[in-house]
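Accompanying notes for the structure given below.
The values are calculated or read from the model by the stated rules, or taken from the named source; none is laboratory data. Treat the numbers as computed from the prediction; the structure is a model and nothing was measured. We place every Cβ from the backbone using ideal geometry, glycine too, and count neighbours over all the protein chains shown. Quick note on the areas: whole protein, heavy atoms, side chains included, nothing else; ligands and nucleic acids left out. Shrake-Rupley method; radii C 1.70, N 1.55, O 1.52, S 1.80 Å.
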Amino acid sequence: MLMIPKAVVFDLGKVLVDFDFQVFARRLAKNADLSSAEIMTQVVESKLLEDYEYGRISSAEFFEQAKRRSGYRGDYESFRLVFGQIFSAIPEMIAGQQRLKAAGVPTFVFSNTSEIAIETIQRQFEFYGGFEGYVLSYEHGFMKPELGLYDVVERVVGLKGGDIAYIDDRNDNVATALGRGWRGIRHVAPETTLQELRENGLSV
């Protein structure tokens, strides 16, 4: 007999919304001393962004350090708006989440992310408000695939093991979920992910 998961947990970036930090680097470079390639190295691909997504530094500190490294000449609000332009919706996955919600299946967000990113997504995308709960790295001081953040998910969802279906685009994050007995789905394309959910007995 097929045991149907009781909740579905979604990664956010590359699953429900796409993002491209090259957009941020190019637009920041228009009002900075560094080129977009240098901004990618000094800001995006550096420990600075990691510290921000861990919650080790505040949004104000992230802005001040990024400004100092890049020579950015704008204010915090302009910086936040530039940062927010990296996101675009993935409609098929959002529609799938909404069908799960309509069928009475609790859905959750589980993401390595930052305060500015979440504030932006909340403003830009109505679907973001439609989840039962959210586990965001910067609020807890852990990042996937660290086990501590998966512990938080189980507490928030109120379930463990095969009762949780989890969708993520990264192999390491899915592997950790599988190690806890969750039903991990490696997201490559909406059609294959949605098909895997159907094979698990879920209405998407």
Residue identified as touching a helix residue (DSSP H, G or I) at 6+ places or on another chain (Cβ under 8 Å) and either modelled with pLDDT under 95 or of a type in the set (K, R) (or both) among K30, K14, K67, K47:
K67
Every pair of residues 6+ apart whose Cβ atoms lie under 8 Å, when the first sits in the stretch 1-25 and is under 30 Å from G71 (Cα atoms) and touching a residue at least 60 places away in the same chain (Cβ under 8 Å) while the second is in a loop (DSSP other than H, G, I, E, B) and of a type in the set (F, W, Y):
V17/F125
Run G55 past the list (1) out of contact with any Gly (no Cβ under 7 Å at 6 or more places or on another chain); (2) open to solvent by 20 Å² or more (accessible area, probe 1.4 Å); (3) among the small types (G, A, S) and report the number of the one that doesn't hold.
(1)
Filter the stretch 77-108 down to the residues that are of a type in the set (A, V, I, L, M), free of Cβ contacts under 8 Å to residues at least 40 places away in the same chain and more than 22 Å from R26 (Cβ to Cβ) and list them by number.
A95, A102
So which of G130, G141 ends up being touching a strand residue (DSSP E or B) at 6+ places or on another chain (Cβ under 8 Å) and either surrounded by fewer than 18 Cβ atoms within 10 Å (Cβ to Cβ) or among the acidic types (D, E) (or both)?
G130
Pairs please, first residue from the stretch 129-144 and farther than 14 Å from E119 by Cα, second anywhere and open to solvent by 10 Å² or more (accessible area, probe 1.4 Å) and assigned to a strand (DSSP E or B), Cβ atoms under 8 Å, 6+ apart in sequence or on different chains.
F131/F108; E132/F108; G133/F108; V135/F108
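In the set G104, G84, which member is farther than 15 Å from V15 by Cβ, open to solvent by 10 Å² or more (accessible area, probe 1.4 Å) and small (G, A, S)?
After ruling out the rest, the residue left standing is G104.
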Condition check for Y150: open to solvent by less than 40 Å² (accessible area, probe 1.4 Å) and in a helix (DSSP H, G or I)
yes
